[in-house]
Amino acid sequence: MKVVIVGGGIIGTMHALLAVDAGYTVVHVERDAAPLSASIRNFGLVWVSGRQSGAELAIALRARTLWEEIGSKAKIGFRPWGSLTVAQNEAEYTVMKEAAAMDDAELRGFNLLDHNQVLSKEPELKGKYLGALECTQDAMVEPSLLLTGLRNYLRSHPNYEWIPNFEVVDFYHDETGNHVTDILGNKVSGDLMAICPGAAHSGFLTEFLDAAPLRKVHLQMGATVPYADSLKHSIADGDSMRYYPAFKDLSLDILPPQSEVASQYKMQLLLVPRIDFSLTIGDTHEYIEPFSHEILEAPYDHLRQVIANLFGAPAPLIARRWSGVYSQSTSQDIYFRKEIAPGAVVVTGGGGRGNTISPAIAEETITSWQK
């Protein structure tokens with residue numbers, strides 16, 4: 001049976017990967033020569049720690065298992081190193097104590113660490129802080145390797161075809177299957193189809209996504225010069241607890257106000273070591289369109305200062321700055337899925353958890369096709 005996957009980002013690529021492994025013949029199309037959108041502009045985090053208790057945590061844990069399996073066979077820089085969310089004041093540490101006592105804390109791999117325990121795990125964190133919440137289930141992949149590594153693995157399969165520069169302008173279904181055509185009139189057809197458009201909600205998808213519970217989120221990120229050559233965890237600051245639903249029922253009201261810059265740009269520090277010893281850092285959140293084309297400097301100054309405080313070292317220089325836009329579900333659903341014709345679905349809206357749960361999203365699609 002032939003499957004067409006539209007979209008070369010992480011959700012589309014995971015659909016292609018799991019479909020090939022399930023025995024389907026896969027044709028994978030992408031509008032650009034190589035993916036250029038959110039999937040190459042993120043942290044590369046597999047972030048279990050922040051997921052909401054219940055179904056969201058369950059899908060994240062399933063995805064974490066799949067990531068490890070995929071990382072064992074594809075060169076994507078998978079590292080099961082865990083994370084540290086660092087407390088810089090007593091209120092943050094109190095909330096972390098509550099988190100470590102949650103009913104599902106063990107599933108998340110939560111451990112409360114004091115300053116000395118953190119320092120023993122990460123000797124480069126020589127700054128001012130009280131302790132940290134460790135999550136042993138968190139992991140990371142290398143953004144620069146991820147999609148290329150997955151495609152290289154896919155290309156080793158004789159039943160996989162990659163077609164770049166195929167910008168879909170029309171979709172239709174008839175008695176012979178599901179079909180997409182590009183701007184030049186070329187057609188690709190399959191028995192089954194998954195359209196994974198990321199934040200491209202318009203164009204040929206407008207009629208299918210009209211009034212869909214989706215929004216776009218704009219963020220700024222960056223990468224430092226090489227800075228921490230022995231760091232073995234991803235790092236978050238206490239502000240991250242304000243934004244992740246895992247902590248929503250804890251005593252967040254005791255946290256002091258965010259700094260003016262962090263509040264204005266809805267910021268948290270997330271920091272992920274890269275294989276060249278630089279750090280991916282971010283991020284901001286903007287929800288009201290149209291988004292500005294400008295890269296603002298104040299958020300980077302804030303992030304650099306937080307890093308300096310945690311490391312007890314001069315603030316890192318920024319080597320690269322970028323922005324990105326991702327698609328987020330605004331309903332109670334963890335992500336957005338819609339059947340637009342028999343055997344054809346649109347899948348998007350993973351939001352900030354899209355990279356984390358992408359293999360489990362794809363698995364749910366494949367499972368639905370096999371019923």
Top positive-direction residue, dipole computed over the chain with Cβ charges, set 39, 262, 252: 39
Determine the equivalent ellipsoid of the stretch 1-107 by diagonalising the alpha-carbon gyration tensor, then write out the semi-axes as square roots of 5 times the eigenvalues, largest first, rounded to whole Å. 34, 16, 12
For a quick protection proxy, order the peptides 168-176, 142-150 by their average other-Cβ count within 10 Å, most packed first. 142-150, 168-176
Just tell me which aspartates and glutamates come within less than 15 Å, Cα to Cα, of residue 128; anything on the same chain fewer than 8 places away is out. 90, 92, 114, 237
I want the local charge near residue 176. Using Cβ-Cβ distances under 13 Å, sum +1 for each Lys or Arg and -1 for each Asp or Glu among the other residues. -1
Give 2/187; 216/338; 121/232; 216/266; 126/232; 75/187 a once-over and call out the pairs whose C-alpha atoms are over 20 Å from each other. 75/187
For the stretch 338-347, what does the Karplus curve 6.51 cos²θ - 1.76 cosθ + 1.60, with θ = phi - 60°, yield as ³J(HN,Hα) per residue in whole Hz, taken in order and with x for Gly and Pro? 9, 7, 9, 6, x, x, 10, 10, 9, 10
Order of 118, 225, 86 under a 10 Å beta carbon neighbour criterion, fewest first: 225, 118, 86
Please list 229-238, 333-342, 10-19 highest first by mean number of surrounding beta-carbon atoms within 10 Å per residue. 10-19, 229-238, 333-342
Using the 10 angstrom Cβ neighbour count as an exposure proxy, how do 322, 47, 162 rank, fewest first? 322, 162, 47
Helix 298-311: angle to the longest alpha-carbon principal axis of the chain, degrees 0 to 90, nearest 10? 60
In nanometres, what is the gap between the two model label sites at residue 322 and residue 287, each 7 Å from Cα along Cα-to-Cβ? 2.6
Karplus couplings for the stretch 149-163 from phi (6.51 cos²θ - 1.76 cosθ + 1.60, θ = phi - 60°), rounded to Hz, Gly and Pro as x? x, 5, 5, 4, 5, 4, 5, 6, 9, x, 9, 10, 10, 10, 10
Listed with the fewest Cβ neighbours within 10 Å leading, 6, 27 appear as 27, 6
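Read-outs: derived from the displayed coordinates by stated rules, not from any lab. Quantities reported herein were computed from a predicted structural model and do not represent experimental measurements. Cβ sites come from the backbone with ideal geometry, for glycine too, and all protein chains shown count toward neighbours.
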